[in-house]
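Since the structure comes first, as structure tokens, the remarks are kept for the end.
The values are calculated or read from the model by the stated rules, or taken from the named source; none is laboratory data. All of these numbers come straight from a predicted model, not from anything done at the bench. Every residue, glycine among them, receives a Cβ derived from its backbone with ideal geometry; neighbour counts consider all protein chains shown. Each accessible area value is taken on the protein alone, full model and side chains, heavy atoms only, with ligands, DNA and RNA left out. Shrake-Rupley method; radii C 1.70, N 1.55, O 1.52, S 1.80 Å.
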Amino acid sequence: MNDVYGRRFKTLRVSLLHHCNLGCVYCVAGESELKQANVSGKEQQLSGAQLLDIVRRLHAQLDLDTVRLTGGEPLLYPGLVELVKGIRESGISRLKLTTNGFLLERMALPLAKAGMQSINVSLDAIDEEVFVRMSRRHHVDRIIRGIDAALEAGLAVKINSVAMKGLNDSQLLPLTEFAFSRKIPIRFLEIMAMGHLHDQAHRFLLNRDQILEILSSRYTLQPVDRAMAATARYWKTEQGQVIGIIANESEPFCRDCDRLRLDSSGNIYGCLSSNHPIPLQLEESADVWETKLAQALAQKQLVRFTGSDLSMLHIGG
Ligand code: SAM
């Protein structure tokens, strides 16, 4: 299934649940939202067996290359290790996870043993005070121990940091130094106009050029060619260390986007810009799913992300 621009779904992002143990400023607006975000909600959450069935059927219809598990916070999902095993057994070649890393120290080895290959850890500060400002939780050291445990377990690890003007700009160089000390790539994300920031993300936007300017004060950066359907553009330092920027605003990547999203209630979305959920039911036929997948593909934007009232907490980051 291709659209007129040759785009098709090859990567599935599965949001396992929509609560989290952090309250990051881009996902969660204030104290009352924080309480809601931190508790297991009334969401109609699919069981591991149901999720696995959906993933298997989508793989049969789309011949997926990659599944990425996310949330909410995916390490809070009961039965995660079993689910990882099941997805690996279904023949998906690349299985990845995006996490805040808070529970990673004890989960890294079981996940690696179950067949997880690669983990992106979201980390927006190294300094504890800035970390608390960004995430509303203490103990950045837990995340650092989680990253070290993941590396020890043999997992490929990348760090993702959302760069926010006036909030964590002081952390770009310390985060990069930390990543380089562990010999892992780091990617900085431009803030996206989502959820409670839908109309005011521009106030916090640190754009690609501004991020590059900060990084270039310490490193000499050479651009690297962009891979097909990649969200990030990469640069290499003279020592061969890798820095990426996911520049959703400055350099949108809709044109060859290959992502399909599945939320924790079984809805699919073809694009972050569209909040319009398309519910999949397991009892429906492959033909019905084909029609729904075509609807999801038609949601893709051609040029750029146009914003969304839905927070990544709900649709999956
Ligand atoms: N809890 C997991 C984590 O922290 O990685 C997975 C879900 S979380 C929504 C995934 C990531 O989405 C965040 O860490 C952040 O990088 C990204 N994100 C969420 N809202 C964003 C926004 N408005 N702009 C840019 N990135 C955002």
* **Per-residue HN-Hα couplings for segment 285-293 [Karplus 6.51, -1.76, 1.60; θ = phi - 60°; Hz; x = Gly/Pro]** => 7, 4, 5, 5, 5, 4, 5, 5, 5
* Asked: If amide H atoms are built 1.01 Å from N in the plane of the peptide, which residues on other chains or at least 5 residues away come under 5 Å of the amide H of Lys165?
  -> Leu205, Leu206
* Structure fact -> So the angle from the long Cα axis of helix 80-89 to the longest Cα principal axis of the chain, reported in degrees to the nearest 10, equals 60 degrees
* Structure fact -> Neighbours of Gly23 by Cβ distance under 15 Å: Lys/Arg at +1, Asp/Glu at -1, summed charge 0
* In the chain, lysine pairs with alpha-carbon atoms under 23 angstrom apart (chain gap of 8 or more, or interchain) -> 18
* To do: Order Tyr77, Tyr219, most accessible first, counting only protein heavy atoms with a 1.4 angstrom probe.
  => Tyr219, Tyr77
* Which net charge results for the neighbourhood of Ala49, defined as the other residues with beta-carbon distances under 15 angstrom from its beta-carbon, given Lys and Arg at +1 and Asp and Glu at -1? -> -1
* Structure fact -> Non-local residues with an amide H under 5 Å from the amide H of Asn267, with H modelled 1.01 Å from N and Pro and chain starts lacking one, are Leu280
* Starting from the Cα gyration tensor of the chain, multiply each eigenvalue by 5, take the square root, and state the resulting semi-axes largest first in whole Å. => 29, 22, 20
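Show that you can apply the helix-only estimate: for the chain, add -39,500 (n - 2.57) for every DSSP H stretch of four or more residues, divide by all residues, and state [θ] at 222 nm to the nearest 500.
Values: 10 runs with 101 residues, N = 317.
Estimated from H runs of four or more residues: -9500 deg cm²/dmol.
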* Compute, for Cys271, the solvent-accessible surface of its heavy atoms (probe 1.4 Å) with the complete set of protein chains present, and express it in square angstrom to the nearest 10. => 20 Å²
* **Whole-Hz ³J(HN,Hα) from phi, Karplus 6.51 cos²θ - 1.76 cosθ + 1.60, for segment 61-76, glycine and proline x** => 7, 10, 6, 5, 8, 9, 10, 10, 8, 8, x, x, 9, x, 6, 8
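Taking segment 229-317, which trypsin sites (Lys or Arg not before Pro) meet the DSSP loop condition and have no more than 16 other C-beta atoms within 10 Å?
Details: sites: Arg233, Lys236, Arg255, Arg259, Arg261, Lys292, Lys300, Arg304; in loops: Lys300, Arg304.
Sites meeting the loop and neighbour criteria: Arg304.
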* Asked: What number, in percent, do you get for the relative contact order of the chain if the mean sequence gap of Cα pairs under 8 Å and at least 6 apart is divided by its residue count?
  -> 22 percent
* Structure fact -> On the formula 1/(1 + (r/R0)^6), with r taken between the Cβ atoms of Ala156 and Gln210 and R0 of 22 Å, the FRET efficiency rounded to 0.05 is 0.15
